[in-house]
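To start, the structure itself, in structure tokens.
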Amino acid sequence: MALLPVLCYPDPRLHKVAKPVAQVDARIQKIVADMAETMYDAPGVGLAATQVDIHERIVVIDVSDDQNELMVFINPEIIWASPEKKSWREGCLSVPDYYDEVERPSEIRVKALDIGGKEFELDADGLLAVCLQHELDHLQGKVFVEYLSILKRSRISQKMKKRAKELESQR
Ligand code: ZN
């Protein structure tokens, strides 16, 4: 397994739209294992392939307290969303050290393939519902800060560019 570099906002590669996985084979399973390792190392509760510059529809999530319940979603699709909405304070590995409120449907149903290529459906609420919607947005090339005002977004962009420069100068 290997740790993968995570792209940081406003990297334009975060806005690429991911393609469906044609076949869940050893190559995809290797990507999933590397993504899981990268997510746990960060640590984070979710990671979309887009964030590690792989533009295929793959998401890994673990919202368990002990970080020992890995969930894998290949070609995930939201097939139902509740009319009720809920606001959560979200963060993102691609937008380090920034958190803000985003309103989304509070419950969803998702259809996806598992690591063996088998289709399943899952009903999600709470943090899992938020996380799934956040990660599925990534596959569409959307970062959560795009739900915020233009003013906030431009401040975040500046902050992230400054942060990247500082990291660069420390090398
Ligand atoms: Zn994210």
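The values are calculated or read from the model by the stated rules, or taken from the named source; none is laboratory data. Only a predicted model underlies this, so the values are computations on that prediction, with no experimental measurement involved. Cβ coordinates were reconstructed from backbone atoms using ideal geometry, including for glycine residues, and neighbour counts include every protein chain displayed. Calculation scope for accessible area: heavy atoms of the full protein, side chains included, ligands and nucleic acids excluded. Shrake-Rupley method; radii C 1.70, N 1.55, O 1.52, S 1.80 Å.
A few notes on this one:
- Annotation: aspartates and glutamates with alpha-carbon distance below 19 angstrom to Lys159 (same-chain offsets under eight excluded): Asp11, Glu90, Asp97, Asp100, Glu101, Glu146, Glu168.
- For segment 1-73, average projected area of the Cα convex hull in nm²: 4.8 nm²
- Stokes-Einstein, applied to the Kirkwood radius of the chain over Cα pairs at a viscosity of 1.002 mPa s and 20 °C, places its translational diffusion at 130 µm² s⁻¹.
- Rounded to 5, the percent of DSSP beta bridges in the chain classed as antiparallel: 95 percent
- Computed in the context of the full set of protein chains, the accessible area of the chain at 1.4 Å probe radius has 51% of its extent on carbon or sulfur.
- Ligands, DNA and RNA are left out, and with a 1.4 angstrom probe the accessible area of the chain is 55 Å² per residue.
- Neighbours of Asp53, meaning other residues whose beta-carbon lies under 9 angstrom from its beta-carbon, give a summed charge of +1 when Lys and Arg score +1 and Asp and Glu score -1.
- Largest mean-square fluctuation among Pro83, Pro20, Pro105, in a Gaussian network model of the chain whose springs join Cα atoms under 10 Å apart, belongs to Pro83.
- Relative contact order computed over segment 1-137 (Cα-Cα under 8 Å; 6+ residues apart), in percent: 22 percent
- Spatially proximal aspartates and glutamates relative to Lys16 (Cα-Cα < 14 Å; intrachain offsets below 8 disregarded): Asp53, Glu56, Glu135, Asp137
- Value of relative contact order over segment 31-78, rounded to a whole percent, pairs C-alpha under 8 Å and six or more apart: 30 percent
- Straight-line reach from Lys165: taking Cα to Cα under 23 Å and skipping same-chain neighbours fewer than 8 places apart, the lysines in range are Lys152.
- Zone residues, segment 119-147, relative to Ala164, backbone N less than 19 Å from point 7 Å out along Cα-to-Cβ: 138-139, 141-147
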